[in-house]
Amino acid sequence: MTKDDIKARILRLETLVIRHPQFVAAQDAILDLELRRPAALPAGPHAGPPADTAEDDVPFDFSEDGLEDAPPGGGALTQYCVMIVGPAGTGKSHVLTSIQALPEMQVDTSGRYGDRRPVVRLDVPDFANPKQTVVEIMRAVGAPVPKRLTRNGVASRLRYQFQQLETRLLMLDEAHSFVDGQGEAGLRANGKFLKFLLNSCGVPIAMAGEESLEELRTSKALKRRTDALVELRPYSWSDPDEQLEFLDILGQLEDAMGFGTDAALSTDTELACRLYFASEGSVGLVTKILSQALKLALKAGAGAIDRQVLSKAFRLENPASVLVADDPDIFVAPVGGRDDPFLVDAAKFKAMWKARYSAPPVDRSRKTGIRRAPKRDAQGLSL
């Protein structure tokens with residue numbers, strides 16, 4: 001098998017779109033933003049760029065109370081946002097990528113008045129603040145960044161650029177950076193900034209990030225401007241329906257690997273349990289493990305993947321982890337195979353499973369509306 005053949009097999013697996021229920025809910029929530037989106041303002045060759053801003057315009061500063069209630073620059077352009085939240089590896093970025101891949105969201109360079117970009121996507125920078133973020137957005141859409149940022153100046157430049165590009169959606173990945181490490185004042189300022197974008201730029205926003213992003217939904221600025229919040233979370237083995245969904249996902253990944261019936265990931269209950277344990281029920285993490293295993297197997301000329309290959313893949317994806325005896329919630333990777341979920345015997349694996357899933361749930365609810373982690377237990381394990 002050539003390198004190109006191996007690359008094609010791996011690419012087929014990694015680009016597989018698995019329309020499991022959580023994925024569909026997140027995708028539908030983003031597409032439903034179109035239902036609340038007013039008609040775009042006309043754009044054309046005679047629509048000139050915005051003029052320089054007057055010196056007495058309101059500075060681009062959201063730290064003072066009251067600015068969020070200032071009249072929006074776009075009037076009828078008021079939009080809504082969607083938040084996709086969940087821990088790492090649950091497929092949040094994959095949802096955004098799937099939207100970008102839709103035929104109607106493709107970049108078109110043959111437009112009458114220039115390029116057409118229905119979706120603009122960028123990663124929110126760490127410890128994001130309004131000025132830093134809006135500069136990144138302006139650069140992403142090709143808008144000139146003025147030396148002095150003002151509210152009306154930013155609104156008019158972005159609105160003009162979005163109209164010229166016929167942009168239908170702004171995607172902000174890693175959006176938990178609006179919350180993490182911000183403090184109360186920073187969180188309030190970022191909430192008002194996002195409301196400013198929704199009010200003045202004429203484009204809805206889809207944000208994806210870790211669970212802390214949900215704190216923005218309860219902020220004064222966005223609590224009535226969030227059209228939907230969809231939580232992506234690892235599947236629960238103790239829930240019969242979710243266990244079947246996880247096994248179905250394994251079956252689709254198995255088909256994409258191209259080993260035929262020899263893989264048996266979804267039909268070998270013991271192997272499926274070990275994959276669930278290694279990935280903690282996360283679709284993204286189990287895909288990474290299987291992608292690494294596929295590469296190892298193909299390079300070795302193997303006709304299937306076994307537990308030894310899965311063990312090597314697991315250690316490559318998690319190079320420095322260990323099962324911490326006094327904290328069953330912490331399991332990142334084996335050390336020397338001692339607690340490798342793919343190599344230990346059935347009795348040891350059963351003990352590892354019980355140690356993790358009989359632990360009390362971690363309370364992440366806090367006072368901000370973040371949901372409590374579901375109770376985890378060892379029900380359903382059958383070896």
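Gly89 meets the conditions (1) of a type outside the set (Ser, Thr, Tyr); (2) under 20 Å from Ala208 (Cα atoms); (3) at pLDDT below 85; (4) open to solvent by 30 Å² or more (accessible area, probe 1.4 Å) in every case but one. The failed one is (4). Annotation note: Cβ proximity below 6 Å between a residue of region 328-354 that is modelled with pLDDT of 50 or more and a residue that is in a loop (DSSP other than H, G, I, E, B) and surrounded by 13 or more Cβ atoms within 10 Å (Cβ to Cβ) (sequence gap 6+ or interchain) occurs for Asp340/Pro334; Trp353/Ala378; Trp353/Leu381; Lys354/Ala378.
Results for (1) under 24 Å from Ala29 (Cβ atoms); (2) open to solvent by 30 Å² or more (accessible area, probe 1.4 Å); (3) out of contact with any Cys (no Cβ under 8 Å at 6 or more places or on another chain), shown as yes or no for each residue.
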site: Pro234; (1), (2), (3): yes, yes, yes
site: Pro240; (1), (2), (3): no, yes, yes
site: Asp248; (1), (2), (3): yes, yes, yes
site: Gln252; (1), (2), (3): yes, yes, yes
site: Gly258; (1), (2), (3): no, yes, yes
site: Ala264; (1), (2), (3): no, no, yes
site: Thr269; (1), (2), (3): no, yes, yes
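Checking each residue of region 149-158 against the condition of being touching a Leu at 6+ places or on another chain (Cβ under 7 Å), of a type outside the set (D, E, K, R) and either more than 19 Å from Glu210 (Cβ to Cβ) or modelled with pLDDT of 90 or more (or both) gives no match.
Pairing residues of region 237-259 that are farther than 17 Å from Phe23 by Cβ with residues that are of a type outside the set (D, E, K, R) and in a helix (DSSP H, G or I), at Cβ distances under 6 Å and at least 6 apart in sequence or on separate chains, gives Trp237/Gln243; Trp237/Tyr276; Met257/Leu13; Met257/Leu294. Taking the condition open to solvent by less than 30 Å² (accessible area, probe 1.4 Å), hydrophobic (A, V, I, L, M, F, W, C) and either in a loop (DSSP other than H, G, I, E, B) or touching a residue at least 60 places away in the same chain (Cβ under 8 Å) (or both), does Ala293 pass? For Ala293, the condition - open to solvent by less than 30 Å² (accessible area, probe 1.4 Å), hydrophobic (A, V, I, L, M, F, W, C) and either in a loop (DSSP other than H, G, I, E, B) or touching a residue at least 60 places away in the same chain (Cβ under 8 Å) (or both) - is not met. Scanning region 117-142 for residues that are free of Cβ contacts under 8 Å to residues at least 24 places away in the same chain and open to solvent by less than 10 Å² (accessible area, probe 1.4 Å) yields one hit, Met138. Remark: Thr53 falls outside the filter, which requires a residue to be open to solvent by 50 Å² or more (accessible area, probe 1.4 Å), over 16 Å from Lys195 (Cα atoms) and modelled with pLDDT under 85. Residues in region 103-116 that are open to solvent by less than 40 Å² (accessible area, probe 1.4 Å) and at pLDDT 90 or above: 1 in all.
None of Ser212, Ser236 is hydroxyl-bearing (Ser, Thr, Tyr), part of a helix (DSSP H, G or I), in contact with an Asp or Glu (Cβ under 9 Å, 6 or more places away or on another chain) and under 24 Å from Ala88 (Cβ atoms) except Ser212. With the structure loaded, tell me whether Ile84 is open to solvent by less than 60 Å² (accessible area, probe 1.4 Å), outside any strand (DSSP E or B), modelled with pLDDT of 90 or more and under 30 Å from Ala278 (Cα atoms) or whether it fails that test. In short, no. Lys192 falls short on exactly one of the conditions (1) open to solvent by 10 Å² or more (accessible area, probe 1.4 Å); (2) part of a helix (DSSP H, G or I); (3) charged (D, E, K, R), and that condition is (1).
In this structure, Leu165 does not satisfy being closer than 25 Å to Leu16 by Cα, in contact (Cβ under 8 Å) with a residue 40 or more places away in the chain and open to solvent by 10 Å² or more (accessible area, probe 1.4 Å). Across region 13-49, the qualifying residues are those that are under 23 Å from the mean Cα position of the chain (by Cα) and not in a helix (DSSP H, G or I), and the one among them that is modelled with the highest pLDDT is His20.
The values are calculated or read from the model by the stated rules, or taken from the named source; none is laboratory data. Being a predicted model, the structure only gives us computed values, none of them experimental. Don't worry about glycine lacking a Cβ; one is built from the backbone with ideal geometry, like all the others, and counts go over all protein chains shown. Note: areas computed on protein heavy atoms with side chains; ligands, DNA, RNA excluded. Shrake-Rupley method; radii C 1.70, N 1.55, O 1.52, S 1.80 Å.
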